[in-house]
């Protein structure tokens with residue numbers, strides 16, 4: 001089990017980025033959340049099996065790579081008993 005926090009920079013607000021990320025999380029065995037930041041970026045946390053999280057992050061890059069200028073990935077602590085993936089406001 002792993003948990004990643006990823007900060008995306010680019011044209012990632014006002015383009016359906018969070019909704020698409022939420023959709024990509026479905027059926028992938030990934031829990032967590034995604035939210036817009038005041039600086040114009042988007043932050044997400046994704047938790048699950050290493051392969052599942054990697055596939056999820058790769059899917060984000062494949063689907064929305066043209067909108068992403070950079071992504072800062074950090075390993076963070078697991079959140080116990082977390083289920084589902086949500087858009088936070």
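Just so you know, all these numbers are worked out from the coordinates, no wet-lab data involved. Only a predicted model underlies this, so the values are computations on that prediction, with no experimental measurement involved. All Cβ positions, glycine included, derive from the backbone under ideal geometry; neighbour counts span all protein chains shown.
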*Calculate how steeply helix 50-64 sits against the longest principal axis of the alpha-carbon atoms of the chain, using the helix alpha-carbon long axis, and give the answer as 0 to 90 degrees to the nearest 10.*
20 degrees
_Mean Cβ neighbour count within 10 Å, used as a protection proxy, ranking 65-76, 13-24 highest first_ = 13-24, 65-76
_Spherically averaged projected area in nm², based on the convex hull that wraps the Cα atoms of the chain_ = 5.2 nm²
*Over the chain: helical MRE at 222 nm, DSSP H runs n ≥ 4 each giving -39500 (n - 2.57), nearest 500*: -8500 deg cm²/dmol
